[in-house]
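Enquirer: Please read through the structure below; I'll follow up with questions.
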Ligand SMILES: Nc1ncnc2c1ncn2[C@@H]1O[C@H](COP(=O)(O)OP(=O)(O)OP(=O)(O)O)[C@@H](O)[C@H]1O
Ligand SMILES: [Mg+2]
């Protein structure tokens, strides 16, 4: 305390809210037990395996195929969600139409629905005699048991992340900036690309990244529609479960750890991008 | 080249916000829209800018119908009350915005844009801040950038909504003079909104006083100050003392008041109301007068003196400290009016949007 007081040039800073110590302590304890410990345990487990063995597991053809499928499908789902989620948020914020509140509420269904239910429903819809499948099959497009099915399931469960991160920013956007752009001669497209989009870009990036991370780990919805053929439509988290069932703890841990590493790297990247974008924007 | 507005009306739901605005602004003039909060100033400005549309009426510039044009096509500059700078752009990019969004065929080259922006930055006296972001500037600096951004495209009409509202008094005064300079050297037609009278009178060629969606009076600042055309304008401009008087052959009379200093008026004999500024009333000791001094308070340079008659009519006056030395509480005084405005009692209030002719010998530069 003394050292702090001296270092900060004398005088304790006054706190606006009391109870900082207690609340911070509780928060850290929670984060430690629920988030950090499992990840550390996993990392330790991975360290036990040893780098050579770890490399062998991860580069085994079946693992590689599963990882490639997972990442590719998650990327497809994220690209789709980024566009569609932005559009949804835009419509919900900028237009007034009957049923808007209902649509707004429906955005949360993927959060609320058990993922297995979502997986079953999607499989039924896209199977060859399902409502969508009937239309798509004659056109030569098959969704069920392909990478497209995986991507559809992933995008279904992760779209609210984009909508719900962009929506509040769009709502708070100062419309006078858009009006200023219009009086300066900007076309509607220029208003969007030069004024609105840069304003929502940071939160849009975060939403898309979280959607991607969530897609990487999506399990319940995907396994019903994917078919789970090894080397073809088997996602990484399913492979980890299979390894676990075979009592191959090392194999399971190595796969899980790889997924975590990819997700973490992305989150770090997006946070870095976001802080770069917003560094000098914070109001004085 | 002038801006012409006629019969302009705008309502939001059941509220009529503008009720028949008539206004003509010649090129190069600097006009102030003055009025209390909610009188429709911003609404009128936004319609001129093309950010809002009227329900009825016409708006044309230089003979062309502006209601058929979008905001982008009108080539105006608009300065928002809270600046509305683009937070993700540097000052330089903010100012250059209007040039960078021009269609490719009309857009100047990169170096040309940079030259224009540099020129403006120098002119705005914020050359050193070119690479800062809006969040890193003071209010006055942001205001300059907002103005620079609006000026970069050389607009024919410059519109400002309470441009100095959020700044402290000293900065306001500086920026006010500076805006006058900008207006004069750029030769634009300028309309600015304010509810600060001092600002309107100091800056504008003509002042438009608005109230409840109509124009109460248009005129040269001095003219409006000395001859408010309606009771509303009189009250708004600080003629807060209202007295019942009787008109007789153009002269106003009331017991205990010396109104011989007021010029004769073409007002029919009968009841009328006299509006006075407290500073234009001078209490004069007079043993037989019906008024008695009941209060003397000092505000420093001025004495605030309240006089009352037997009927309980209270009249407030302000006199320089030196002139009030011979006054004491309880003393009998008569009240001498140096200037004031008279309206027939019962005249429809605010019915005449009056253009006051300006006939001072020496017009302003
Ligand atoms: N978009 C709108 N919807 C409904 N009412 C509005 C809208 N814009 C303005 N009004 C109403 O119109 C009236 C005039 O508003 P306006 O902003 O033009 O006033 P103003 O003279 O600029 O006032 P101030 O000095 O406070 O800025 C107000 O009563 C306001 O409530
Ligand atoms: Mg206003």
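Listed here are the residues, each with its yes/no results for (1) within 16 Å of ligand 1 (Cβ to nearest atom); (2) more than 23 Å from residue B:188 (Cα to Cα).
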site: B:108; (1), (2): no, no
site: B:128; (1), (2): no, yes
site: B:132; (1), (2): no, yes
site: B:136; (1), (2): no, yes
site: B:140; (1), (2): no, no
site: B:153; (1), (2): no, no
site: B:162; (1), (2): yes, no
site: B:165; (1), (2): yes, no
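Enquirer: Working only within segment A:104-137, note down all residues that are assigned to a loop (DSSP other than H, G, I, E, B), more than 13 Å from residue A:156 (Cα to Cα) and touching a helix residue (DSSP H, G or I) at 6+ places or on another chain (Cβ under 7 Å).
Expert: Of everything in segment A:104-137, those that are assigned to a loop (DSSP other than H, G, I, E, B), more than 13 Å from residue A:156 (Cα to Cα) and touching a helix residue (DSSP H, G or I) at 6+ places or on another chain (Cβ under 7 Å) turn out to be A:127, A:128, A:130.
Enquirer: Okay, moving on. What number of residues within segment B:49-68 satisfy the criterion of being more than 12 Å from ligand 1 (Cβ to nearest atom), within 12 Å of chain A (Cβ to nearest Cβ) and at negative phi?
Expert: 1
Enquirer: Those residues that are more than 9 Å from chain A (Cβ to nearest Cβ) and within 19 Å of residue A:175 (Cα to Cα), I need them from segment B:94-103; list them, please.
Expert: Hits for segment B:94-103 are B:94, B:95.
Enquirer: Among the listed residues A:46, A:19, identify the single one that is modelled with pLDDT under 85 and at positive phi.
Expert: A:19
Enquirer: Can you find a residue that is over 21 Å from the mean Cα position of the chain (by Cα) and either away from ligand 1 (no atom under 16 Å from the Cβ) or under 26 Å from residue A:182 (Cα atoms) (or both) anywhere in segment B:225-242?
Expert: Yes, that holds for at least one residue.
Enquirer: Output the residues belonging to segment B:104-126 that are buried (at least 20 other Cβ atoms within 10 Å of the Cβ) and away from every other protein chain (no Cβ under 14 Å).
Expert: B:121, B:124, B:126
Enquirer: Taking segment B:158-183 as the region of interest, how many residues are under 17 Å from residue B:207 (Cα atoms) and away from ligand 2 (no atom under 16 Å from the Cβ)?
Expert: Residues in segment B:158-183 being under 17 Å from residue B:207 (Cα atoms) and away from ligand 2 (no atom under 16 Å from the Cβ): 6 in total.
Enquirer: Turning to a different aspect of this structure: Which of the following residues is more than 11 Å from ligand 1 (Cβ to nearest atom), modelled with pLDDT of 90 or more and either within 14 Å of chain A (Cβ to nearest Cβ) or in contact with a strand residue (DSSP E or B) (Cβ under 9 Å, 6 or more places away or on another chain) (or both): B:82, B:88?
Expert: Selected residue: B:88, the only one of B:82, B:88 that is more than 11 Å from ligand 1 (Cβ to nearest atom), modelled with pLDDT of 90 or more and either within 14 Å of chain A (Cβ to nearest Cβ) or in contact with a strand residue (DSSP E or B) (Cβ under 9 Å, 6 or more places away or on another chain) (or both).
Enquirer: Another question, then. Check off (1) at pLDDT 85 or above; (2) away from ligand 2 (no atom under 16 Å from the Cβ) for residue B:192 and give me the number that stays unchecked.
Expert: Failed condition: (2).
Enquirer: Is segment B:127-150 home to any residue that is more than 14 Å from every other protein chain (Cβ to nearest Cβ) and within 19 Å of residue B:205 (Cβ to Cβ)?
Expert: The answer is no, given that none of the residues of segment B:127-150 is more than 14 Å from every other protein chain (Cβ to nearest Cβ) and within 19 Å of residue B:205 (Cβ to Cβ).
Enquirer: For segment B:169-186, which residues satisfy the criterion of being at pLDDT below 85 and within 18 Å of residue B:78 (Cβ to Cβ)?
Expert: Selection gives B:175, B:182, B:186.
Enquirer: Please tell me if residue B:72 is within 16 Å of ligand 1 (Cβ to nearest atom), in the same structural domain as residue B:147 (by TED's automatic domain parsing) and either more than 29 Å from residue B:217 (Cα to Cα) or without any contact (Cβ under 8 Å) to a residue 12 or more places away in the chain (or both).
Expert: Taking the combined requirement at face value, the residue does not satisfy it.
Enquirer: Does segment B:10-37 hold any residues that are free of Cβ contacts under 8 Å to residues at least 24 places away in the same chain and near ligand 1 (Cβ under 8 Å from one of its atoms), and which are they?
Expert: B:12, B:13, B:15
Enquirer: Give the number of residues within segment B:300-310 that are within 14 Å of residue B:289 (Cβ to Cβ) and exposed (fewer than 15 other Cβ atoms within 10 Å of the Cβ).
Expert: The number of residues fulfilling the criteria is 1.
Enquirer: Out of A:159, A:225, A:200, A:210, report the one residue that is surrounded by 17 or more Cβ atoms within 10 Å (Cβ to Cβ) and modelled with pLDDT under 90.
Expert: Of A:159, A:225, A:200, A:210, the one residue that is surrounded by 17 or more Cβ atoms within 10 Å (Cβ to Cβ) and modelled with pLDDT under 90 is A:225.
Enquirer: Name the residue that is nearest to ligand 1 (Cβ to nearest atom), counting only residues in segment B:167-196 that are under 15 Å from residue B:41 (Cα atoms) and out of contact with any helix residue (DSSP H, G or I) (no Cβ under 7 Å at 6 or more places or on another chain).
Expert: B:195
The values are calculated or read from the model by the stated rules, or taken from the named source; none is laboratory data. On a predicted model such as this, the values are computed, not experimentally measured, just so you know. When we count neighbours, we look across all protein chains shown, and the Cβ atoms used for this are built from the backbone with ideal geometry, even at glycine.
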